[in-house]
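S.K.: Dropping a structure here in structure tokens format, bear with me for questions.
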Amino acid sequence: MWARLRPAVLPFGSLLLFLVLWQLLAASGTWSETLVPPPAKVWAAFVDVSTTHGGVRGYNGTMLVEHLGISLRRIAIGAGLGIAAGVVFGLLMGTVGWVRSLFEPWITFLRTLPPLAYFSLLIIWLGINEEPKVTLLAVAAFPPVAVSTTTAVAAVPKSLIEAARALGASRWDVVRDVVVPSALPETLTGVRLAVGVAYSSLVAAELVNGLPGIGGMVKDAANYNNTPVVLVGIIAIGVSGLIIDGLLLRLERAVVPWRGRV
């Protein structure tokens, strides 16, 4: 019975322990409540930003779920574009040597740049509306997928490719029937990493004109030292990220059920 209950009991127990330690730290008086608010105040802030209270709707006229939904839409569009481009470039770089030599240094250069390093440039080029935010998320999501796909394609056993060609497969047939299925597990891992990188870049993407949006809400609340709302936003980003990563993991298990079994 313990083996069946453990996957649920351990996370719940760790969460309970975290809340107890948080409450003890807040009650100790080591830091003021502005810096470390107790869990009750964070819960009250969560209720406030999720409902209409005193004639005020949510935070800045927008409910928490709406802030989160707008940010998730930005991530879906931006990360989706970056992932699609990363898969295409990864396939090209993994199968065509000169393409890899040409683009790999640039992708490595891009991968090492923090989002804030080029966000200001995107604002100058694209303005302050949705374009720089989506572009930032796309640029952040692109390198992990490109690198993982390139590595996976390059690691496809040569014997499989030669066997397919010996059976009369064309170059396209080899890519479609041999290279893509062999590289798919690592590519999906790159997709999960890319979504995580996009999430970590969300607050940076919403630094300017980010309201409504969960990252913009966090930034705006931080400007007024509204720590409970900042924590609510951070928790919302983290929980939604866990849910999406779990969905991607289920997708990976459904698409490549053989992974880890052969």
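S.K.: Among 207, 102, 231, which one shows the highest mean-square fluctuation when the chain is modelled as a Gaussian network with alpha-carbon springs under 10 Å?
M.R.: 102
S.K.: For the chain, what log10 I(q)/I(0) values come out of the Debye formula at q = 0.07 1/Å, with one point per alpha carbon and no solvent?
M.R.: Treating every Cα as an identical point scatterer, log10 I(q)/I(0) equals -0.35.
S.K.: Taking segment 151-262 as the region of interest, what is the percent of Cα-Cα pairs per 10 angstrom bin, listed from the shortest bin to the one with the maximum distance?
M.R.: 13, 29, 21, 16, 13, 6, 1
S.K.: Oh, and also: In whole angstrom, and with the biggest value first, how far do the Cα coordinates of segment 168-207 range along each principal axis?
M.R.: Sorted from largest, the Cα extents of segment 168-207 read 55, 15, 6 Å.
S.K.: What does the helix-only formula give at 222 nm for the chain: each DSSP H stretch with n ≥ 4 adding -39500 (n - 2.57), the total divided by the residues, and the result rounded to the nearest 500 deg cm²/dmol?
M.R.: Value at 222 nm, helices only: -25500 deg cm²/dmol.
S.K.: Given R₀ = 51 Å, what would the calculated FRET efficiency be for residue 125 paired with residue 34, taking r from the Cβ atoms and rounding to 0.05?
M.R.: For residue 125 and residue 34, the calculated efficiency is 0.85.
S.K.: Something else about it: May I ask for the percentage of alpha-carbon pairs in segment 4-79 that lie more than 17 Å from each other? Before the final figure, lay out the partial values.
M.R.: Numbers: 1865 of 2850 pairs.
That fraction is 65 percent.
S.K.: When the Kirkwood hydrodynamic radius is evaluated over all pairs of different C-alpha atoms of segment 40-95, what value in angstrom, to one decimal, is obtained? List each step's numbers first, then the result.
M.R.: Details: mean 1/r = 0.0724 Å⁻¹.
Taking every pair of different Cα atoms in segment 40-95, averaging 1/r and inverting gives 13.8 Å.
S.K.: Per the 1.4 Å probe, what fraction of the accessible area of the chain, in percent, lies on carbon and sulfur atoms?
M.R.: Of all accessible area on the chain, carbon and sulfur atoms account for 70 percent.
S.K.: Another question, if that's okay. For segment 196-262, with every protein chain kept in place, what is the accessible area per residue (1.4 Å probe, Å²)?
M.R.: 52
S.K.: Could you provide, to the nearest whole Å², the per residue accessible area of segment 21-158 with probe 1.4 Å?
M.R.: Working: 7400 Å² over 138 residues.
Result: 54 Å² of accessible area for each residue.
S.K.: Continuing with this model, one more query. Answer with one residue from 147, 110, 231: the one whose Cα lies farthest towards the positive end of the charge dipole of the chain, charges on Cβ with Lys, Arg +1 and Asp, Glu -1.
M.R.: Working it through, the farthest residue towards the positive pole turns out to be 147.
The values are calculated or read from the model by the stated rules, or taken from the named source; none is laboratory data. On a predicted model such as this, the values are computed, not experimentally measured, just so you know. All Cβ positions, glycine included, derive from the backbone under ideal geometry; neighbour counts span all protein chains shown. Heads up: the accessible areas ignore ligands, DNA and RNA and are worked out on the full protein's heavy atoms, side chains in. Shrake-Rupley method; radii C 1.70, N 1.55, O 1.52, S 1.80 Å.
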